Amino acid sequence: EEEGKLLNDDKSTFIEFMNRAATKDFEDSMKMACDAIYKSNNLLIIGIGNSGAIATYGSRYFASLNKFAVYIDDPFYPVSGEYLDNGVTIALSVSGETPTIINHVTRLKKKNSTIISITNSKSCTLAQMSDINISYYVQYETYKYFDITTQLPVMYILETLAKRVFNLTQKD
């Protein structure tokens, strides 16, 4: 099977992403996301699996920089109530095709949450149904049945958004 498989651990994947992060399209998406988060009353970050772990990290990072944020890493967590008024949801999914995340986002959209998706590609279902998509385009990687695609771009995007939102609040 994959027992003898060696995993790619070179830096080129992240360097190529950082080069894409310097493009105008990427910057435009980041600015739109930043403005939406800045103007929102609350921030919800959702994901499952590795994306759920990153959602936890991202919400704590935003909260550390004075933006109230919570994460949901349970796709069946009930979401209802007025606390979503003027809210933003950041949905994390490498494939952008995870049915439970798509269902979750569908429910959040009905509650008028602005949806920002962070996905590996702009052409996936989640990206298409989002108000704003930030895609990072790295090589998919799996080992056995597990997705081991790097999450470094997602962490970079979340940290950068949090710092930029913080900087906007400093100007107030």
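Listed values, structure above:
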item	result
So D74, is it more than 15 Å from the chain's Cα centre (by Cα), over 16 Å from M155 (Cβ atoms) and open to solvent by less than 80 Å² (accessible area, probe 1.4 Å)	yes
Breaking point among (1) out of contact with any strand residue (DSSP E or B) (no Cβ under 6 Å at 6 or more places or on another chain); (2) open to solvent by less than 50 Å² (accessible area, probe 1.4 Å); (3) within 24 Å of Y143 (Cα to Cα); (4) aliphatic (A, V, I, L, M), for A55	(1)
Complete set of residues in the range 36-51 that are assigned to a helix (DSSP H, G or I), buried (at least 19 other Cβ atoms within 10 Å of the Cβ) and within 12 Å of the chain's Cα centre (by Cα)	S51
Residue count, the range 116-140 (criterion: over 11 Å from G96 (Cα atoms) and open to solvent by less than 50 Å² (accessible area, probe 1.4 Å))	5
Odd one out for T56 among (1) touching an Asp or Glu at 6+ places or on another chain (Cβ under 9 Å); (2) modelled with pLDDT under 95; (3) among the polar types (S, T, N, Q)	(2)
Qualifying residue in the range 93-115 (condition: over 20 Å from I37 (Cα atoms), touching a residue at least 12 places away in the same chain (Cβ under 8 Å) and of a type in the set (G, A, S))	yes
Test: residue in the range 141-150 that is outside any helix (DSSP H, G or I), modelled with pLDDT of 95 or more and open to solvent by less than 10 Å² (accessible area, probe 1.4 Å)	no
Residue check, S59 over 26 Å from L7 (Cα atoms) and in a strand (DSSP E or B)	no
Residue count for the range 152-172, restricted to those that are surrounded by fewer than 20 Cβ atoms within 10 Å (Cβ to Cβ) and touching a residue at least 24 places away in the same chain (Cβ under 8 Å)	10
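The values are calculated or read from the model by the stated rules, or taken from the named source; none is laboratory data. Being a predicted model, the structure only gives us computed values, none of them experimental. Cβ: placed from backbone, ideal geometry, glycine included. Neighbour counts: every protein chain shown. Note: areas computed on protein heavy atoms with side chains; ligands, DNA, RNA excluded. Shrake-Rupley method; radii C 1.70, N 1.55, O 1.52, S 1.80 Å.
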